[in-house]
Amino acid sequence: MRTALLQSSGRPGSTAENLKVLDEVAGRAAAAGAGLLVAPEMFLTGYAIGDAVGRLAESADGDCADAIAETATRHGLAIAYGYPERAGDAVFNSAQLISADGTRLANYRKTHLFGCFERDHFTAGDQPVVQAELDGLRVGILICYDVEFPENVRAHALAGTDLLVVPTAQMHPFQFVAESMIPVRAFENQMYVAYVNRVGREGEFEFVGLSTLAGPDGVARTRAGRAEELVLADVDPAFLAASRETNPYLRDRRPGLYGPLV
(Lines give C-alpha, C1' and ligand atoms only; values in the text may rest on other atoms or scores of the structure.)
Protein backbone atom coordinates (compact mmCIF):
# COMPACT_ATOMS: atom_id res chain seq x y z
CA MET A 1 0.00 0.00 0.00
CA ARG A 2 1.47 3.31 -1.05
CA THR A 3 1.46 5.62 1.96
CA ALA A 4 1.66 9.41 1.76
CA LEU A 5 3.12 11.44 4.64
CA LEU A 6 1.98 15.06 4.86
CA GLN A 7 4.68 17.06 6.65
CA SER A 8 2.96 20.35 7.44
CA SER A 9 1.73 22.49 10.30
CA GLY A 10 -1.21 23.61 8.22
CA ARG A 11 -2.84 26.86 9.32
CA PRO A 12 -2.89 26.90 13.13
CA GLY A 13 -6.19 28.07 14.55
CA SER A 14 -8.30 27.49 11.42
CA THR A 15 -10.02 24.16 10.90
CA ALA A 16 -11.55 25.47 7.67
CA GLU A 17 -8.14 26.23 6.15
CA ASN A 18 -6.69 22.93 7.34
CA LEU A 19 -9.56 21.03 5.76
CA LYS A 20 -8.75 22.81 2.49
CA VAL A 21 -5.07 21.88 2.79
CA LEU A 22 -5.98 18.26 3.49
CA ASP A 23 -8.31 18.15 0.49
CA GLU A 24 -5.68 19.56 -1.87
CA VAL A 25 -2.97 17.20 -0.59
CA ALA A 26 -5.33 14.21 -0.73
CA GLY A 27 -5.82 14.88 -4.43
CA ARG A 28 -2.06 14.94 -5.01
CA ALA A 29 -1.51 11.80 -2.95
CA ALA A 30 -4.26 9.89 -4.74
CA ALA A 31 -2.85 10.94 -8.13
CA ALA A 32 0.49 9.45 -7.02
CA GLY A 33 -1.19 6.13 -6.23
CA ALA A 34 -1.46 6.45 -2.45
CA GLY A 35 -4.01 4.36 -0.59
CA LEU A 36 -3.39 6.13 2.73
CA LEU A 37 -2.60 9.74 3.62
CA VAL A 38 -1.26 10.50 7.11
CA ALA A 39 -1.30 14.03 8.57
CA PRO A 40 0.51 15.18 11.75
CA GLU A 41 -0.57 15.45 15.36
CA MET A 42 -3.29 18.09 15.92
CA PHE A 43 -3.29 18.87 12.19
CA LEU A 44 -6.95 19.81 12.14
CA THR A 45 -6.55 22.78 14.47
CA GLY A 46 -2.86 23.44 15.02
CA TYR A 47 -0.83 22.39 18.04
CA ALA A 48 0.35 25.53 19.88
CA ILE A 49 -3.04 27.24 20.00
CA GLY A 50 -3.40 27.64 23.77
CA ASP A 51 -6.92 27.75 25.15
CA ALA A 52 -8.34 27.48 21.62
CA VAL A 53 -7.75 23.74 22.02
CA GLY A 54 -10.95 23.48 24.04
CA ARG A 55 -12.91 25.83 21.79
CA LEU A 56 -11.99 23.99 18.58
CA ALA A 57 -12.29 20.45 19.94
CA GLU A 58 -14.97 18.30 18.31
CA SER A 59 -16.38 14.85 18.84
CA ALA A 60 -14.94 11.97 16.83
CA ASP A 61 -18.06 12.01 14.66
CA GLY A 62 -18.30 15.81 14.40
CA ASP A 63 -18.56 18.10 11.39
CA CYS A 64 -14.83 18.00 10.63
CA ALA A 65 -14.81 14.20 10.66
CA ASP A 66 -17.69 14.30 8.17
CA ALA A 67 -15.77 16.72 5.96
CA ILE A 68 -12.66 14.51 6.01
CA ALA A 69 -14.79 11.45 5.24
CA GLU A 70 -16.12 13.29 2.20
CA THR A 71 -12.57 14.16 1.14
CA ALA A 72 -11.46 10.55 1.55
CA THR A 73 -14.39 9.29 -0.51
CA ARG A 74 -13.97 11.85 -3.29
CA HIS A 75 -10.25 11.13 -3.71
CA GLY A 76 -10.46 7.38 -3.03
CA LEU A 77 -7.91 7.02 -0.25
CA ALA A 78 -7.89 6.54 3.52
CA ILE A 79 -6.89 9.46 5.74
CA ALA A 80 -5.38 9.48 9.25
CA TYR A 81 -5.18 12.84 11.01
CA GLY A 82 -4.61 14.37 14.44
CA TYR A 83 -7.19 16.56 16.19
CA PRO A 84 -8.49 17.61 19.64
CA GLU A 85 -11.40 15.36 20.56
CA ARG A 86 -14.23 16.56 22.77
CA ALA A 87 -15.91 13.83 24.84
CA GLY A 88 -18.17 15.30 27.51
CA ASP A 89 -16.07 17.59 29.70
CA ALA A 90 -12.79 15.98 28.61
CA VAL A 91 -10.57 16.91 25.67
CA PHE A 92 -8.20 14.28 24.26
CA ASN A 93 -5.25 14.59 21.90
CA SER A 94 -6.57 12.13 19.33
CA ALA A 95 -5.94 10.67 15.90
CA GLN A 96 -8.59 9.17 13.67
CA LEU A 97 -8.42 6.85 10.66
CA ILE A 98 -11.12 7.14 8.00
CA SER A 99 -11.34 4.69 5.10
CA ALA A 100 -11.58 5.47 1.40
CA ASP A 101 -15.34 4.90 1.55
CA GLY A 102 -15.73 7.39 4.40
CA THR A 103 -16.06 4.87 7.23
CA ARG A 104 -14.54 5.85 10.59
CA LEU A 105 -12.25 2.86 11.22
CA ALA A 106 -10.36 3.78 14.39
CA ASN A 107 -9.97 6.59 16.90
CA TYR A 108 -7.02 6.72 19.30
CA ARG A 109 -6.47 8.99 22.32
CA LYS A 110 -2.86 9.82 23.21
CA THR A 111 -1.91 7.91 26.35
CA HIS A 112 1.38 9.61 27.25
CA LEU A 113 1.08 13.40 27.40
CA PHE A 114 4.27 15.43 26.88
CA GLY A 115 5.10 18.53 28.86
CA CYS A 116 3.05 21.12 30.71
CA PHE A 117 1.17 22.30 27.61
CA GLU A 118 -0.37 18.90 26.93
CA ARG A 119 -1.03 18.09 30.58
CA ASP A 120 -2.79 21.45 30.99
CA HIS A 121 -5.06 21.02 27.97
CA PHE A 122 -5.71 17.29 27.53
CA THR A 123 -6.86 14.22 29.36
CA ALA A 124 -4.69 11.13 28.81
CA GLY A 125 -6.27 8.21 26.99
CA ASP A 126 -6.29 4.75 28.54
CA GLN A 127 -6.51 2.34 25.58
CA PRO A 128 -2.95 1.40 24.53
CA VAL A 129 -3.67 -0.54 21.34
CA VAL A 130 -6.12 0.73 18.73
CA GLN A 131 -6.12 -1.00 15.33
CA ALA A 132 -8.10 -1.33 12.12
CA GLU A 133 -7.92 -3.46 9.00
CA LEU A 134 -7.06 -1.50 5.86
CA ASP A 135 -6.35 -3.02 2.45
CA GLY A 136 -5.16 -6.29 3.99
CA LEU A 137 -2.94 -4.60 6.58
CA ARG A 138 -3.49 -4.27 10.30
CA VAL A 139 -2.95 -0.57 10.99
CA GLY A 140 -2.29 0.68 14.53
CA ILE A 141 -2.13 4.24 15.84
CA LEU A 142 0.08 5.99 18.38
CA ILE A 143 0.74 9.73 18.76
CA CYS A 144 4.20 11.33 19.05
CA TYR A 145 5.53 10.80 22.61
CA ASP A 146 3.72 7.44 22.81
CA VAL A 147 6.15 5.85 20.34
CA GLU A 148 9.12 6.76 22.54
CA PHE A 149 7.97 4.18 25.10
CA PRO A 150 9.12 0.76 23.85
CA GLU A 151 6.28 -0.93 25.75
CA ASN A 152 3.70 0.82 23.57
CA VAL A 153 5.21 -0.33 20.30
CA ARG A 154 5.84 -3.86 21.57
CA ALA A 155 2.17 -4.07 22.59
CA HIS A 156 1.27 -3.28 18.98
CA ALA A 157 3.73 -5.88 17.71
CA LEU A 158 2.19 -8.55 19.95
CA ALA A 159 -1.26 -7.53 18.74
CA GLY A 160 -0.20 -8.02 15.11
CA THR A 161 0.13 -4.43 13.90
CA ASP A 162 1.69 -4.33 10.41
CA LEU A 163 1.80 -0.56 9.92
CA LEU A 164 2.03 1.75 12.92
CA VAL A 165 0.82 5.25 12.07
CA VAL A 166 2.27 7.97 14.32
CA PRO A 167 1.04 11.55 13.81
CA THR A 168 3.55 13.66 15.70
CA ALA A 169 4.60 17.14 16.80
CA GLN A 170 8.30 16.44 17.32
CA MET A 171 10.21 19.53 18.32
CA HIS A 172 13.80 20.73 18.62
CA PRO A 173 16.12 19.41 20.09
CA PHE A 174 14.67 15.89 19.94
CA GLN A 175 15.17 15.22 16.21
CA PHE A 176 17.14 12.06 17.06
CA VAL A 177 13.74 10.39 17.58
CA ALA A 178 12.89 10.75 13.90
CA GLU A 179 16.43 10.10 12.72
CA SER A 180 17.37 7.12 14.90
CA MET A 181 14.63 5.84 17.19
CA ILE A 182 11.88 5.29 14.62
CA PRO A 183 13.92 2.94 12.38
CA VAL A 184 14.95 0.99 15.49
CA ARG A 185 11.34 0.74 16.67
CA ALA A 186 10.38 -0.64 13.26
CA PHE A 187 13.19 -3.20 13.30
CA GLU A 188 12.87 -4.43 16.88
CA ASN A 189 9.10 -4.88 16.49
CA GLN A 190 9.06 -6.09 12.87
CA MET A 191 6.58 -3.62 11.45
CA TYR A 192 6.41 -0.52 9.28
CA VAL A 193 6.27 2.80 11.16
CA ALA A 194 4.95 5.99 9.53
CA TYR A 195 6.11 8.93 11.64
CA VAL A 196 4.55 12.16 10.35
CA ASN A 197 5.66 15.47 11.84
CA ARG A 198 4.76 19.12 11.93
CA VAL A 199 7.36 21.60 10.68
CA GLY A 200 8.54 25.14 11.43
CA ARG A 201 7.98 27.46 14.37
CA GLU A 202 4.62 27.54 16.09
CA GLY A 203 4.29 29.54 19.28
CA GLU A 204 7.09 28.52 21.64
CA PHE A 205 7.83 25.32 19.69
CA GLU A 206 10.09 24.63 16.71
CA PHE A 207 9.01 21.47 14.91
CA VAL A 208 11.81 19.66 13.13
CA GLY A 209 10.08 17.82 10.28
CA LEU A 210 12.09 14.74 9.23
CA SER A 211 8.94 12.65 8.72
CA THR A 212 9.78 9.09 7.77
CA LEU A 213 8.38 5.70 6.90
CA ALA A 214 10.70 3.02 8.24
CA GLY A 215 10.54 -0.67 7.31
CA PRO A 216 10.99 -3.82 9.40
CA ASP A 217 14.62 -3.95 8.27
CA GLY A 218 15.27 -0.64 10.04
CA VAL A 219 15.70 1.21 6.75
CA ALA A 220 13.86 4.47 6.02
CA ARG A 221 11.83 4.06 2.85
CA THR A 222 11.40 7.82 2.62
CA ARG A 223 12.42 10.80 4.72
CA ALA A 224 11.30 14.41 4.47
CA GLY A 225 13.52 17.40 5.13
CA ARG A 226 12.83 20.47 7.27
CA ALA A 227 10.18 22.16 5.08
CA GLU A 228 6.56 21.46 4.21
CA GLU A 229 6.57 18.39 2.01
CA LEU A 230 4.57 15.39 0.83
CA VAL A 231 6.60 12.19 0.66
CA LEU A 232 5.46 8.69 -0.33
CA ALA A 233 6.66 5.13 0.20
CA ASP A 234 5.26 1.63 -0.13
CA VAL A 235 4.28 -0.77 2.64
CA ASP A 236 4.94 -4.28 1.27
CA PRO A 237 3.15 -7.15 3.06
CA ALA A 238 5.31 -9.79 1.35
CA PHE A 239 8.53 -8.11 2.50
CA LEU A 240 7.09 -7.77 5.99
CA ALA A 241 6.23 -11.47 6.16
CA ALA A 242 9.71 -12.46 4.96
CA SER A 243 11.37 -10.10 7.45
CA ARG A 244 9.34 -11.52 10.33
CA GLU A 245 10.39 -15.02 9.36
CA THR A 246 14.06 -14.01 9.33
CA ASN A 247 14.11 -11.88 12.47
CA PRO A 248 12.98 -13.84 15.55
CA TYR A 249 12.65 -11.11 18.19
CA LEU A 250 9.00 -11.81 18.92
CA ARG A 251 9.45 -15.60 18.85
CA ASP A 252 12.49 -15.49 21.13
CA ARG A 253 10.91 -13.41 23.87
CA ARG A 254 10.82 -14.89 27.40
CA PRO A 255 7.85 -13.15 29.04
CA GLY A 256 8.33 -15.04 32.29
CA LEU A 257 11.49 -13.02 32.90
CA TYR A 258 9.86 -9.63 32.43
CA GLY A 259 7.63 -9.44 35.51
CA PRO A 260 9.89 -6.93 37.32
CA LEU A 261 9.34 -4.44 34.49
CA VAL A 262 5.82 -3.81 35.73
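The values are calculated or read from the model by the stated rules, or taken from the named source; none is laboratory data. Treat the numbers as computed from the prediction; the structure is a model and nothing was measured. Here the Cβ is made from the backbone with ideal geometry for all residues, glycine too, and neighbour counts use every protein chain on show. The protein model used for the area step is the full one, side chains on, heavy atoms only, and it has no ligands, DNA or RNA in it. Shrake-Rupley method; radii C 1.70, N 1.55, O 1.52, S 1.80 Å.
Screening Ala194, Ala159, Ala124, Ala178 for residues that are over 29 Å from Gly50 (Cα atoms) and at pLDDT 95 or above leaves exactly one candidate, Ala159. If you check Ala34 against the conditions, is it aliphatic (A, V, I, L, M), surrounded by fewer than 20 Cβ atoms within 10 Å (Cβ to Cβ) and within 17 Å of the chain's Cα centre (by Cα)? Criteria not met by Ala34. Of all residues in region 108-128, those satisfying the criterion of being open to solvent by 40 Å² or more (accessible area, probe 1.4 Å) and either over 22 Å from Leu56 (Cβ atoms) or touching a residue at least 40 places away in the same chain (Cβ under 8 Å) (or both) are His112, His121, Asp126, Gln127, Pro128. Comparison of Ala69, Ala80, Ala52, Ala29 shows that the only residue that is small (Gly, Ala, Ser), out of contact with any Asp or Glu (no Cβ under 8 Å at 6 or more places or on another chain), over 17 Å from Ile143 (Cβ atoms) and open to solvent by less than 10 Å² (accessible area, probe 1.4 Å) is Ala29.
Would you check if Ile98 is crowded, with 22+ Cβ neighbours inside 10 Å and more than 27 Å from Ser243 (Cβ to Cβ)? Taking the combined requirement at face value, the residue satisfies it.
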